[in-house]
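*Asks:* Before I ask anything, let me first share the structure, which is written out below as structure tokens.
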């Protein structure tokens, strides 16, 4: 279970880091399912991009360093909330392919949170005294 969770953490960290950076550079010529990126307001790009980049780091760094590994659970839950909010946004636009993707990613993030909280938690590094 630990290996599966690590694979999921790394895959989703890469995914969210990539998407988070895209909020700041918004490259031209995105595929049709991503055209919504052109229509978001600048403040929403900053908030969403920042949340996704910080969440990506939170999926891996606390567990990898054993420093407050519980933050990995919170990062997964936070990114799951971002995905649920994104699904609501796509519902208002009738973008059903994106809704399914958002819900699927949110489910995986929920599994990561549950897995790191209950199935295979990472031990915290003992503190120096």
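The values are calculated or read from the model by the stated rules, or taken from the named source; none is laboratory data. Quick caveat: nothing in here was measured; it's all calculated off a predicted structure. Here Cβ is always computed from backbone atoms with ideal geometry, including for glycine, and neighbour counts include all displayed protein chains.
*Asks:* Any idea how many residues of the stretch 88-98 are surrounded by 13 or more Cβ atoms within 10 Å (Cβ to Cβ) and without any contact (Cβ under 8 Å) to a residue 60 or more places away in the chain?
*Replies:* Number satisfying all stated conditions: 3.
*Asks:* Right, another one. Is it the case that the stretch 36-49 has a residue that's at pLDDT 95 or above, closer than 18 Å to residue 108 by Cβ and not in a loop (DSSP other than H, G, I, E, B)?
*Replies:* no
*Asks:* Hey, could you check the stretch 88-98 for residues that are assigned to a helix (DSSP H, G or I) and farther than 15 Å from residue 34 by Cβ and say which is nearest to the chain's Cα centre (by Cα)?
*Replies:* 88
Here's the yes/no breakdown for (1) under 20 Å from residue 18 (Cα atoms); (2) surrounded by 13 or more Cβ atoms within 10 Å (Cβ to Cβ); (3) under 11 Å from the mean Cα position of the chain (by Cα):
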{"position": "51", "(1), (2), (3)": "yes, yes, yes"}
{"position": "54", "(1), (2), (3)": "yes, yes, yes"}
{"position": "77", "(1), (2), (3)": "yes, yes, yes"}
{"position": "86", "(1), (2), (3)": "yes, yes, no"}
{"position": "100", "(1), (2), (3)": "yes, no, no"}
{"position": "103", "(1), (2), (3)": "yes, yes, no"}
{"position": "115", "(1), (2), (3)": "no, yes, no"}
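*Asks:* Filter the stretch 1-33 down to the residues that are in a loop (DSSP other than H, G, I, E, B) and surrounded by 11 or more Cβ atoms within 10 Å (Cβ to Cβ) and list them by number.
*Replies:* 26, 30
*Asks:* On to the next question. Quick test for you: out of 27, 62, 33, 43, pick the one residue that is over 28 Å from residue 2 (Cα atoms) and in contact with a helix residue (DSSP H, G or I) (Cβ under 6 Å, 6 or more places away or on another chain).
*Replies:* Exactly one residue qualifies, and that residue is 33.
*Asks:* Further question: Would you confirm whether any residue within the stretch 57-73 is out of contact with any strand residue (DSSP E or B) (no Cβ under 8 Å at 6 or more places or on another chain), surrounded by 18 or more Cβ atoms within 10 Å (Cβ to Cβ) and not in a helix (DSSP H, G or I)?
*Replies:* yes
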